[in-house]
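Encoded as structure tokens, the structure appears first; notes follow it.
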Amino acid sequence: MTVVGKPGGPTEGRAPALRPSVPEDSPIIAVSPSMRRAVERARAFAGTSLPILLVGPTGTGKEVLAQAIHAWSARAGRMVEVNCGALPADMVIRELFGHRRGAFTSAVDTVPGYFEAADRGTLFLDELASLPLVGQRALLRVAENGQFSRVGETTVHRVSVRLLAAVQDLEGASGAVPIRADLVHRLGGVVIRLQALRERPEDVWPLAEHFARGLGTALDPGTRTVLERHPWPGNVRELRHVMARAATLQPAGPVTPAAVCEALDMADAGDRQAQLRCIEEPGRQSQRAELVACCEEQDWNVDRVAVLLGVHRATLYRRLKRLGIQPPVSPAGGTGLN
């Protein structure tokens with residue numbers, strides 16, 4: 001999900017009708033109806049001056065969509081991204097608006113803030129619900145008239161900044177402090193919602209193929225059911241990380257269902273009831289037969305099998321358990337795995 005189209009958009013201040021399909025230059029993988037609608041709306045309003053509020057769970061692609069909106073807007077300035085959760089309460093004002101030399105003890109130079117850096121461009125406020133209340137009050141004022149003063153100054157500066165913001169929910173339950181209702185109304189000129197990946201399963205396979213191509217590899221067709229069965233609590237971000245791990249585990253040839261399952265096993269356990277049951281994956285019988293043959297060839301020696309497969313002992317044990325492979329019983333009464 002990288003921004004690939006050429007910047008461009010309708011005349012600022014006018015909102016054209018929503019387009020019937022996703023634009024050809026869209027940087028977003030959008031197969032599901034809900035994601036297509038989100039991209040269409042973003043493209044339609046990109047060239048206006050209206051602020052846009054992106055709403056959706058973490059990892060659903062709000063930052064990527066914000067980058068696309070800026071690219072489509074044709075604004076002359078750059079896009080400045082601010083992680084509101086990383087702004088300390090005692091520094092939020094000077095981070096947003098800058099400060100004058102001598103305004104405080106360590107202010108040896110005059111430093112512009114994020115708003116000046118984004119002049120004639122776009123300011124993207126990610127995790128808005130984490131912005132301290134003092135910052136929310138200040139943001140509301142500048143959002144109304146585009147005017148502010150640096151810390152330690154009385155001079156009023158005016159900028160032309162297009163505001164984009166992202167929240168997980170409009171009630172602000174995901175943030176450290178409540179979001180001011182008037183700030184939501186001010187920044188929510190257009191509200192675009194992005195659903196969790198589990199609610200738009202049509203996007204899983206195209207996204208996985210996209211990430212695989214970016215990693216210089218391909219996917220075995222059998223991985224499709226494996227991927228679509230997983231609940232993806234981390235959404236698109238989790239899928240991207242799983243693809244990166246699976247490609248590393250399977251450096252030669254297409255990524256197999258076994259590599260995807262192992263990549264999923266390496267993630268945080270989370271809710272085990274919601275984790276994918278890879279034992280039901282397509283091609284399980286052929287994988288089982290291949291692994292049994294490998295173990296028999298190495299006389300069920302776990303170290304030699306692990307070296308041959310290029311995995312750790314613990315990974316091999318998990319794979320055997322997942323595929324329901326029981327080592328043969330030795331004459332002494334124990335298992336043959338050693």
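For Gly135, the conditions (1) part of a helix (DSSP H, G or I); (2) surrounded by fewer than 20 Cβ atoms within 10 Å (Cβ to Cβ); (3) small (Gly, Ala, Ser) are fulfilled apart from (2).
Note on region 216-322: enclosed helices (runs of 4 or more DSSP H) holding 2 or more residues that are at pLDDT below 85 are 284-297, 302-309, 313-322. Scanning region 138-149 for residues that are open to solvent by less than 40 Å² (accessible area, probe 1.4 Å) and over 18 Å from Asn83 (Cβ atoms) gives Leu140, Val142, Ala143, Gly146, Phe148. Among the criteria (1) modelled with pLDDT of 85 or more; (2) surrounded by fewer than 19 Cβ atoms within 10 Å (Cβ to Cβ), the one Glu153 does not fulfil is (1).
Across region 225-242, the qualifying residues are those that are over 13 Å from the mean Cα position of the chain (by Cα) and free of Cβ contacts under 8 Å to residues at least 40 places away in the same chain, and the one among them that is nearest to Arg198 (Cα to Cα) is Glu228.
Just one of (1) at pLDDT below 85; (2) open to solvent by 10 Å² or more (accessible area, probe 1.4 Å); (3) more than 24 Å from the chain's Cα centre (by Cα) fails for Ala176. It is (3).
Taking the stated definitions as given, is Glu202 open to solvent by 30 Å² or more (accessible area, probe 1.4 Å), within 23 Å of Arg120 (Cβ to Cβ), outside any strand (DSSP E or B) and not β-branched (Val, Ile, Thr)? The answer is no for Glu202.
Listed conditions (1) within 30 Å of Asn235 (Cβ to Cβ); (2) open to solvent by less than 30 Å² (accessible area, probe 1.4 Å); (3) in contact with a helix residue (DSSP H, G or I) (Cβ under 9 Å, 6 or more places away or on another chain) are all met by Ala118, apart from (3). Exactly one residue out of Ala129, Ala107 is assigned to a loop (DSSP other than H, G, I, E, B), open to solvent by less than 30 Å² (accessible area, probe 1.4 Å) and in contact with a strand residue (DSSP E or B) (Cβ under 6 Å, 6 or more places away or on another chain), and it is Ala107. In the condition set (1) over 19 Å from Tyr114 (Cα atoms); (2) at pLDDT below 95; (3) not in a loop (DSSP other than H, G, I, E, B), Gly85 is compliant with all but (1). Of everything in region 215-255, what is of a type outside the set (Asp, Glu), open to solvent by 30 Å² or more (accessible area, probe 1.4 Å) and closer than 15 Å to Glu202 by Cα? Give them in sequence order. Within region 215-255, Arg224, Thr225, Arg229, Pro231 meet the criteria.
In this structure, does Leu163 turn out to be modelled with pLDDT of 90 or more, farther than 20 Å from Ser73 by Cα and crowded, with 22+ Cβ neighbours inside 10 Å? Steps first, please.
Details: modelled with pLDDT of 90 or more: yes; farther than 20 Å from Ser73 by Cα: no; crowded, with 22+ Cβ neighbours inside 10 Å: yes.
Taking the combined requirement at face value, the residue does not satisfy it.
The values are calculated or read from the model by the stated rules, or taken from the named source; none is laboratory data. In this text, all values refer to a predicted model and were calculated from it rather than measured experimentally. Backbone-built Cβ (ideal geometry, glycine too); neighbour counts: all protein chains shown. With ligands, DNA and RNA removed, areas are computed over all heavy atoms of the protein, side chains included. Shrake-Rupley method; radii C 1.70, N 1.55, O 1.52, S 1.80 Å.
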